[in-house]
Amino acid sequence: MLDFTEYSKIFLSLFAILDPIGIIPIIIAFTIGLAPAKRARVGRMASLSVAGILLVALLVGELVLEFFGISIHSFRVAGGILLLLMSITMLFGNKDAPRPEEANDGDATSSIAIVPLSTPLLAGPGAISTVILDAHKGAGVGHYAVMGMVIVLLAFIVWLTFLVAPWISQRLGRIGSSVFSRLMGLLLAAIAVEFIAGGLRGLFPALG
């Protein structure tokens, strides 16, 4: 096992990568129009998904990537493309896609909570690769148990973030929320480009 200072560093680094506070605007943009019960369900599912994804990464993440022959850089590019497509929908709208308030509980809440909120925005390539690398810093059941507790604590913080987001959304109003959604679509597009660029630099070092 590592000492307390090292685990504190691991927690802080993962917190910075997940950035649950910084993602509040995007949470608001993706949950506009959802009823309070559905929005609360999105928060629960997203936090549980973050915990599940990172725990899997902790235990078998490297083996899964090696089994499928996927590099973390390829994962980053794929996540960036997915985010870019969603940002375009936020900017221009998609008349063929069901609106959150019109969708069934099992459709809208599940899709929004898992993609893109849980992954790749929160538990994305950066967080997954960090967990995999940190897992190799120590050995034994104790080390993995503490790492697991760090991940659970981060997931709890993500859940608290979702509880705060509706309070902020209510103060924006309908028009403000609509304008805000477009602005967040532009921000999400920029994040997507960074994802893709970072992945391409890893796949093709000559581009760096």
#### Entry: Dipole-positive endmost among Pro25, Ala190, Gly173 within the chain (Cβ charges, Cα centre)
Gly173
### Message
Which one, Leu203, His143, Leu154, is farthest towards the positive end of the dipole of the chain when Lys and Arg carry +1 and Asp and Glu -1 on their Cβ?
### Response
Leu154
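If you stretched the chain out fully between Ala190 and Ser71, how much longer would it get, using 0.36 nm times the residue separation minus the C-alpha to C-alpha distance?
40.6 nm
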## Note on the structure
With a Förster distance of 25 angstrom and the Cβ-Cβ distance between Leu200 and Val56, calculated FRET efficiency to the nearest 0.05 equals 0.45
## Note on the structure
Per its Cα gyration tensor (rounded if a/c is under 1.5, else prolate when a/b beats b/c, else oblate), region 108-203 is best filed as oblate
### Task
Select from Gly198, Gly185, Gly69 the residue whose mean-square fluctuation is largest in a Gaussian network model of the chain (Cα-Cα springs shorter than 10 Å).
Gly69
### Separation in nanometres of the label points that stand 7 Å from Cα toward Cβ, at Leu91 and Val179
2.0
### Task
Rounded, prolate or oblate: pick one for region 123-169, where a ≥ b ≥ c are the square roots of the eigenvalues of its C-alpha gyration tensor, a/c under 1.5 means rounded, and failing that, prolate if a/b is larger than b/c, else oblate.
oblate
## Note on the structure
Computed ³J(HN,Hα) along region 136-141: with the Karplus parameters 6.51/-1.76/1.60, θ = phi - 60°, integer Hz and x for glycine or proline, the list is 7, 6, x, 8, x, 5
### Summary
Note, Ala127: beta-carbon cut-off 12 Å, +1 each Lys/Arg, -1 each Asp/Glu, net -1
### Query
The list (1) 1.15; (2) 0.97; (3) 1.05 gives values of Cα Rg over 2.2 N^0.38 Å, and only one came from this structure; which label was calculated from it?
(3)
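Throughout, read-outs are computed from the coordinates displayed, never taken from laboratory work. Bear in mind that the values here come from a model prediction, so they are computed numbers and not experimental data. Here Cβ is always computed from backbone atoms with ideal geometry, including for glycine, and neighbour counts include all displayed protein chains.
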